[in-house]
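Report on one structure; see the data block that follows.
The values are calculated or read from the model by the stated rules, or taken from the named source; none is laboratory data. The shown structure was predicted, so the numbers you read here are calculated from the model rather than taken from an experiment. Ideal geometry is used to build each Cβ from the backbone, glycine not excepted, and the neighbour counts take in all protein chains shown.
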Amino acid sequence: MNQQQVVVPVGIDLGSWTSKIAVAKRGGVEVITNEANFRETPCVVGYGPAERNIGEAGNIKMKSNFKDTISYPSRFLGLRPDNPFLRAEKKFCPAKCVTKDDKVAFDVKYQGQAETLFPEQIYAAYINKLKHILEKNGFSNKSAVVAVPTYFTQTERKALLDAAKIAEFNITRILNESTAIALDYGMFRKNELDATNARNVLFIDFGHSKLSIFAASFTNTEMNIL
């Protein structure tokens, strides 16, 4: 690619169903496209006889590669085998979920070899895919601010950091989705806000796997999540 590689502020929204990458560009914010020219990338990692199929490719080949595909791997980050939510989460993942070293893992066949992989290893492959999308768009970033669901526990956040470390990608800060949404609202509506009379706003996020509701208070100088 002839486009010069540059470093700009990058934000990544890690959702259950898809992820989006936004960069500061030309005085604004742009959500960049993947190889299929979509502005969101499916959270799917498939292990095949020759290579890993990640994102769009993993989604396309899921039916033919059903047993060796892990869909929505972020939902398994930091979960223990005795977690009461694990049984429900496994229903959304085609690959066989097992226990290894008292941790959640998945049995797959990759390049003809049987392997048992932890969610952090699988998600590291997905993060690498996001790195490649940045590179294809001319950005050489190996770090970003990342937004995660507000309900993520400290264990899940640590597992995400471990996955990023495996992928050699630096997460400079983890933001709750609620904080990221409120910041976006406040920044782009600052001229509408008053200095003394706060505006209270209710936000409802109909996510792929969870429903989140929160309220925030805004003036033109500060923001508070209620």
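Summary of computed values
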quantity: All positions within the stretch 174-212 that are closer than 23 Å to Ile12 by Cβ and part of a strand (DSSP E or B); calculated: Ile174, Leu175, Asn176, Phe203, Ile204, Asp205, Phe206, Leu211, Ser212
quantity: Test: residue in the stretch 122-133 that is buried (at least 19 other Cβ atoms within 10 Å of the Cβ) and part of a loop (DSSP other than H, G, I, E, B); calculated: no
quantity: Residue within the stretch 73-90 that is farther than 18 Å from Thr18 by Cβ, of a type outside the set (A, V, I, L, M), touching a Gly at 6+ places or on another chain (Cβ under 9 Å) and modelled with pLDDT of 90 or more present; calculated: no
quantity: Number of the condition not met by Pro81 [criteria: (1) under 14 Å from the mean Cα position of the chain (by Cα); (2) surrounded by fewer than 19 Cβ atoms within 10 Å (Cβ to Cβ)]; calculated: (1)
quantity: Complete set of residues in the stretch 39-78 that are over 15 Å from the mean Cα position of the chain (by Cα), surrounded by 15 or more Cβ atoms within 10 Å (Cβ to Cβ), under 19 Å from Lys96 (Cβ atoms) and not hydrophobic (A, V, I, L, M, F, W, C); calculated: Gly46, Tyr47, Gly48, Arg52, Asn53, Gly58, Lys61, Asn65, Asp68, Thr69
quantity: Entirely in the stretch 22-121, the strands (runs of 3 or more DSSP E) that have 2 or more residues that are β-branched (Val, Ile, Thr) and touching a strand residue (DSSP E or B) at 6+ places or on another chain (Cβ under 6 Å); calculated: 28-31, 44-47, 69-71
